[in-house]
Every structure is written in structure tokens, then in C-alpha cells.
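Peer 1: First, the structure itself, so that you have it in front of you.
The values are calculated or read from the model by the stated rules, or taken from the named source; none is laboratory data. Model, not experiment: these values are computed from the prediction. Glycine also receives a Cβ, built like all others from the backbone with ideal geometry; neighbour counts cover every protein chain displayed.
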Amino acid sequence: MTSTSPVGGLISRLRGAIDVLYREAIKFGVIGALAFVVDMGSFNILRRTLLEDKPTAAVIVSASLATVFAWIGNRSWTFRHRRNRPAHHEAALFAGTNGVALVIQAVAVAFSNYVLDVESLTADNVAKVVGIGLGTLFRFWAYRRYVFAGEPIDVDTSPLADLTRHDRKP
């Protein structure tokens, strides 16, 4: 079976698609981990200082800061090869997607505080992590489907592209 046969061509396209998905998922994870640090760090600082009695407001502020960080990282690295819209259009879709994810987080923290009546910082952190996890699943799907929806190009020219390449020959 050669790569010019229909089956060989299909297998080659499938491998390419899996490779793109793999690289995007790794990069998304790196940006997400850093955004998680920004989010949780600012959330805990706000909960201990300015917004001590306002856990939902702290979620909104911290998630907004993390969203700005994630926008820059995902646009310039994770999905750099998928750009097909003007930056302002992608930014609006990105903000809308992250708005939905922020609501997921806020609902998780509000549910913990106001429905379960658990008002400790530890409970807020657990609820926020659960909300972040659910929101992350939604974001990865929405970024690929709507925000950075352009067809990927074959060559990843982003910085640090070699970090996510495996066993590739030049």
C-alpha cells in the first residue's frame, strides 16, 4: 500500500490531523496551566484583601485577568497557525467563549457559598477548580470550533514549535 492509494492518503491525512490536535492540546495545556496560576493566584489575593466578603466578584476579576493572559498566549502560540479572522473578531469570540466559562466558574463558587452554605476559602478554591475544569473543556472545544476556526496550515511557525514536535525529520 503506497501513500498515493486512497487508503494511504486517508491514513496520512488522519495522522496529520492527530498531530495537529496533539500539538494544539499540548500548547493549550501550557497556556492553560499558566492562566490557572494567574487566575488562582489573583483569586486568592483578592479573597484575602479587597474582596474578602465577595467570592463571586473575586472570581470575575481573577478570571478576567486570566482571560487576557490566555488570549495573548493562545493567539500568539497555541492557535497561531489557525488565524483566519481579523483580531477584533477573534477577540470578540474569545471574550464570549471565556464569558461562558467565567459563568461556569462563578456558578460553581456561588453554588458552594449560597446553596451548600460552605463559606470557607478552601471550599471556594475547590469550587473554583471544579468550575475551571468544566470551563476548560468548553473552551478547548469552542476555541477550535469557533474562535480559531481556520484550517490549520502544515507548518507551525510559532515560537517554541519544536517543543511539541516529536520524531519529525526536517
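Peer 1: From the list Ala33, Ala92, Ala127, pick out the single residue that is of a type in the set (A, V, I, L, M, F, W, C) and surrounded by 15 or more Cβ atoms within 10 Å (Cβ to Cβ). I'd like the intermediate steps shown before the answer.
Peer 2: Numbers: Ala33 fails: surrounded by 15 or more Cβ atoms within 10 Å (Cβ to Cβ); Ala92 fails: surrounded by 15 or more Cβ atoms within 10 Å (Cβ to Cβ).
On inspection, the qualifying residue turns out to be Ala127.
Peer 1: Let me ask something additional. Could you look through segment 36-68, keep only residues that are of a type in the set (A, V, I, L, M) and more than 21 Å from Gly99 (Cα to Cα), and pick out the one that is surrounded by the most Cβ atoms within 10 Å (Cβ to Cβ)?
Peer 2: The qualifying residue surrounded by the most Cβ atoms within 10 Å (Cβ to Cβ) is Ile45.
Peer 1: Identify, from the list Ala108, Ala63, Ala91, Ala101, the residue that is touching a Gly at 6+ places or on another chain (Cβ under 6 Å), within 21 Å of Lys27 (Cβ to Cβ), in a helix (DSSP H, G or I) and not β-branched (Val, Ile, Thr).
Peer 2: Ala101
Peer 1: Given the criteria at pLDDT below 90, out of contact with any Ser or Thr (no Cβ under 6 Å at 6 or more places or on another chain), among the charged types (D, E, K, R) and assigned to a helix (DSSP H, G or I), does Arg75 qualify?
Peer 2: In short, yes.
Peer 1: Working carefully through the options Glu119, Glu52, find the one that is farther than 17 Å from Val20 by Cα, modelled with pLDDT of 90 or more and assigned to a loop (DSSP other than H, G, I, E, B).
Peer 2: Of the residues listed, the single one that is farther than 17 Å from Val20 by Cα, modelled with pLDDT of 90 or more and assigned to a loop (DSSP other than H, G, I, E, B) is Glu52.
Peer 1: Could you grab me the full set of residues in segment 10-41 that are among the small types (Gly, Ala, Ser) and modelled with pLDDT of 75 or more?
Peer 2: Answer for segment 10-41, where residues must be among the small types (Gly, Ala, Ser) and modelled with pLDDT of 75 or more: Ser12, Ala25, Gly29, Gly32, Ala33, Ala35, Gly41.
Peer 1: Of all residues in segment 31-45, count the ones that are under 14 Å from the mean Cα position of the chain (by Cα) and touching a residue at least 24 places away in the same chain (Cβ under 8 Å).
Peer 2: Counting residues in segment 31-45 that are under 14 Å from the mean Cα position of the chain (by Cα) and touching a residue at least 24 places away in the same chain (Cβ under 8 Å) gives 7.
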